[in-house]
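The values are calculated or read from the model by the stated rules, or taken from the named source; none is laboratory data. Since this is a predicted model, take the numbers as computed values, not measurements. Note that we place each Cβ from the backbone using ideal geometry, even for glycine, and neighbour counts take in every protein chain shown. Note: accessible area is taken over every heavy atom of the protein model, side chains too, but ligands, DNA and RNA are not part of it. Shrake-Rupley method; radii C 1.70, N 1.55, O 1.52, S 1.80 Å.
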Amino acid sequence: MTPLHAWLLACRPKTLPVSLSPVLVGSALAWQQHGTLLWLPLLAAALGAAFIQIGTNLFNDVGDFLRGTDTPERIGPRRATAEGWLSPRAVAAGAWLCFVLAFACGIYLVWHGGWPIVAIGLASLTAGWAYTGGPRPIAYGPLGEIFVFVFFGLVAVGGSFYLQTLTLTAQALLLASPVGLLAAAVISVNNYRDRDGDARSGKNTLAVRVGRPAMRRIYALQLLAAYLCLPLLALQLGPVLLLPLLSAPLALRLGRRFARETPGPVFNTLLAQTAALQLLFSLLLTGALLLSGH
């Protein structure tokens, strides 16, 4: 394991679409409604979101190791700190560096968007650290899915729309809902896969609290609710907003596999495929907005 490869695994680049997709969707809605796109705020928002995502992943890597959650019995992908590829101090330093870079992006965004962006930026940075850090980490309680829905849905899409228009509309929040629901479904797969190990280590995720049968229903409802948002969007923004229905067959296959598969390493594949579904859905949503715009 080379240091470069270890850092790449610790940063978890496969998770980046979860944070970048909302930026695309929120910006596309702004273009659909106003016919203009501000490229510099879009770029700064995308970079800031990516740095927060990577920083959160690094904090998660070192935090789970220090709390004893990542053990040799872990079913999920191997972690850099737990495997000894990188030291806890180095990974923590990398996480703080990412947050500093995100803060640097935020300086420009605050200059452009004003005090609302200060609130969004500080809340996002604090939440990224608190997801695994602090005395009561979000990831160690039952609110992980809600956290992801809020910050990778409502905040990310709404904030991206605001940066383009300096306004926030109910349509932006409605558009954010399916994006956030599918991002939350990714976390549900992760927590369902790790339920037994999390229960042993005292990590009381929603999956630990409610059990596997309930989590199978929750995952199905997350997928279903995302697609039920599409008719409402079509009524508001035009029938082309039904375009993400093209991804529904993939969602149906994932729902069936989630319900039928025995918990184990197969859920690593299901997690990656759920993230791919969120990306595909968001790209189709972005395309639909561009097609229906000015």
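For every residue, the table says whether it meets (1) buried (at least 17 other Cβ atoms within 10 Å of the Cβ); (2) hydrophobic (A, V, I, L, M, F, W, C); (3) at pLDDT 95 or above.
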position	(1), (2), (3)
114	no, no, no
132	yes, no, no
169	no, no, no
181	yes, yes, yes
195	yes, no, no
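When region 135-151 is filtered for residues that are in a helix (DSSP H, G or I), out of contact with any Leu (no Cβ under 9 Å at 6 or more places or on another chain) and closer than 15 Å to residue 60 by Cβ, the ones remaining, listed by number, are 138, 139, 140, 147, 148, 151.
Taking the criterion of being hydroxyl-bearing (Ser, Thr, Tyr), closer than 20 Å to residue 91 by Cβ and either open to solvent by less than 10 Å² (accessible area, probe 1.4 Å) or not in a loop (DSSP other than H, G, I, E, B) (or both), the residues of region 1-31 that qualify are 15, 19.
For residue 237, the conditions (1) hydrophobic (A, V, I, L, M, F, W, C); (2) in contact (Cβ under 8 Å) with a residue 24 or more places away in the chain; (3) under 24 Å from residue 131 (Cα atoms) all hold with the exception of (3). Screening residue 185 on (1) open to solvent by 10 Å² or more (accessible area, probe 1.4 Å); (2) under 16 Å from residue 228 (Cα atoms) shows it passes everything except condition (1).
Residue-level check: of (1) in contact with a Leu (Cβ under 7 Å, 6 or more places away or on another chain); (2) in contact (Cβ under 8 Å) with a residue 40 or more places away in the chain; (3) open to solvent by 40 Å² or more (accessible area, probe 1.4 Å), residue 246 misses just (2). Counting residues in region 199-215 that are open to solvent by 50 Å² or more (accessible area, probe 1.4 Å), over 30 Å from residue 38 (Cα atoms) and not in a helix (DSSP H, G or I) gives one or more.
The sole residue among 233, 271 that is in contact with a helix residue (DSSP H, G or I) (Cβ under 7 Å, 6 or more places away or on another chain), assigned to a helix (DSSP H, G or I) and under 21 Å from residue 194 (Cα atoms) is 271. With respect to the conditions (1) loosely packed, with under 15 Cβ neighbours inside 10 Å; (2) modelled with pLDDT under 95; (3) assigned to a helix (DSSP H, G or I), residue 294 falls short on a single one, namely (3).
Taking the conditions (1) surrounded by fewer than 18 Cβ atoms within 10 Å (Cβ to Cβ); (2) within 25 Å of residue 80 (Cβ to Cβ); (3) more than 18 Å from the chain's Cα centre (by Cα) in turn, residue 36 satisfies each one other than (2).
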